[in-house]
Amino acid sequence: MATEHADAVLRRHAARNFWVNVGDGVSYIFGISMISRLTVMPLFVEKLGGNALVQGLLPTIYYIGWLMPSLFMAPVVASMARRKPYILFATIFERVVFLILGILLLSAPDLPHPTILVLFFILFTVYAFGSGFTSTAWQDFVARIIPKRRWGIFFGMQNGVGGIFGVASAWVATTLLRDMPFPQSVGVLALLCFVGQAISYGCLALSVEPPQDAQPRTPWREFMGGIMPLLRRDAAFRRYLFCRAAIALGFVGHNFLTAALLARFQVADAEIGVITGVLIGAQAVAHVLMGALADRWGHKQVLVLSTLLGMVTLVLAVVAPDASWYYLIFALMGAAQAGYTLSGFTLIFSFSTPALRPTYIGVANTALAPAAALGPLLAGAVAAVAGYELLFGVLTVIGVAGMLALQLWVRVPHVAELND
């Protein structure tokens, strides 16, 4: 009865849930684009004296924080009748850090650069783990309140419209990085990021999520003991995890494109803002197109296409004769990241029933953690010793191997098969 009542409530509020959660994503992207992890943050670290190894800490900390908590949270999330109250609490930690960072950079801009760098990475770690402790509940929350047939268009609109606002954020970033002294410029961007995330929080709070049947809390040791049998039983999911790990290693190269640009060519700070706009604009268009394509063609094929674009990006970075090529490089990276983000985790939903979805999300995210977290550290070491060109070449080979294996080796089950 509880499930039938919940389904009726969700049908009644389907339009509201769709649009307020699009608003959540749009305003979140508007905020986070002010201080992009792929462009502005690498510039910030570089100007504070960070070398390639320190640059590698950005993706390493981010992916450890975002992915590792998922496995611990899976049995907790499965036992919740409602996900929303927990999400509204946990997500505070990933948002408030930008308020603190902005106040720090504006009130104490003359601190020694190593001190600012250490404080930044402490705050960035809180942000990453705040995201990680929220992610499993949020992914399952969205899968619950948004009908499956609209997942593609939902994520496409959320990220596509968000990308349009993100272009405006990039214009603001360009202006501030050009006209304000460092690091105050980044401080203002951090405060604007917090404003966007506060609006996002308000939209999220407007979602309607009725209580649904919850599973009894599984003891963590018992839950962990069931993971290997699950992987042995579900060969398609197991193969997908291997392929996604290889693809994730290939995409590690994207985290070093800004550093490679700064190392090879003389580029002004404001130019990073322009490139951020190109990146986010490409993501906006690609999210809408790939969301619609995923609903018709399937998320597996979108992930294959995105991987191909992502690896072409790395090849172009190796052969680029001047900085102007990086506009095309970052446009392709934006399209690749859009499809990878959209279909990389949405595809996980296709392997599981609703009851097992938190477990599948937790296992998938945690299985990705070693490649996504340790890969950037190893990549940073390779770049420091042998240069970015060799690094991009090696990562391209790994990413293409994962793409081919996904296309030829992984079969995504149909809904009827999951219900058998």
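Checked against (1) within 15 Å of the chain's Cα centre (by Cα); (2) without any contact (Cβ under 8 Å) to a residue 40 or more places away in the chain, residue 30 passes all but condition (2).
For region 311-349, the set of residues classified as in contact (Cβ under 8 Å) with a residue 60 or more places away in the chain and surrounded by fewer than 21 Cβ atoms within 10 Å (Cβ to Cβ) consists of 315, 318, 323, 341, 345, 349, listed by residue number.
Conditions (1) more than 23 Å from the chain's Cα centre (by Cα); (2) modelled with pLDDT of 85 or more, marked per residue:
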{"residue": "371", "(1), (2)": "no, no"}
{"residue": "377", "(1), (2)": "no, no"}
{"residue": "380", "(1), (2)": "no, no"}
{"residue": "389", "(1), (2)": "yes, yes"}
{"residue": "396", "(1), (2)": "no, yes"}
{"residue": "402", "(1), (2)": "no, yes"}
{"residue": "408", "(1), (2)": "yes, yes"}
{"residue": "413", "(1), (2)": "yes, no"}
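You will find that of 10, 71, 58, 67, the residue that is modelled with pLDDT under 75 and either closer than 21 Å to residue 338 by Cβ or touching a Lys or Arg at 6+ places or on another chain (Cβ under 8 Å) (or both) is 10 and no other.
Remark: pairs (first residue in region 174-194, under 13 Å from residue 116 (Cβ atoms); second residue surrounded by fewer than 19 Cβ atoms within 10 Å (Cβ to Cβ); Cβ separation under 6 Å; 6+ apart in sequence or on different chains) = 182/47; 183/109; 184/106; 184/109; 187/106. Apart from one condition, residue 351 fits all of (1) within 25 Å of residue 135 (Cβ to Cβ); (2) part of a helix (DSSP H, G or I); (3) at pLDDT below 85; (4) not hydroxyl-bearing (Ser, Thr, Tyr); the exception is (2). Inspect region 298-307 for any residue being polar (S, T, N, Q) and more than 18 Å from the chain's Cα centre (by Cα) and give the result as yes or no. Scanning region 298-307, I find at least one residue that is polar (S, T, N, Q) and more than 18 Å from the chain's Cα centre (by Cα), so the answer is yes. All of (1) at pLDDT 80 or above; (2) in a helix (DSSP H, G or I); (3) surrounded by fewer than 17 Cβ atoms within 10 Å (Cβ to Cβ) hold for residue 189 with one exception: (3).
Considering each of 252, 278, 274 in turn, give the residue that is over 23 Å from residue 53 (Cα atoms) and modelled with pLDDT of 85 or more. If you could, list the steps in order and put the result at the bottom.
Values: 252 fails: over 23 Å from residue 53 (Cα atoms); 274 fails: modelled with pLDDT of 85 or more.
Exactly one of 252, 278, 274 is over 23 Å from residue 53 (Cα atoms) and modelled with pLDDT of 85 or more, namely 278.
Within region 115-132, residues that are in contact (Cβ under 8 Å) with a residue 12 or more places away in the chain reach partners that are in a helix (DSSP H, G or I) and hydroxyl-bearing (Ser, Thr, Tyr) with beta carbons closer than 7 Å, at six or more positions or on different chains, in the pairs 128/62; 132/70.
The values are calculated or read from the model by the stated rules, or taken from the named source; none is laboratory data. Because the structure is predicted, anything quoted here is derived from the model rather than measured. No Cβ is skipped: glycine too gets one built from the backbone with ideal geometry, and neighbour counts run over all protein chains shown.
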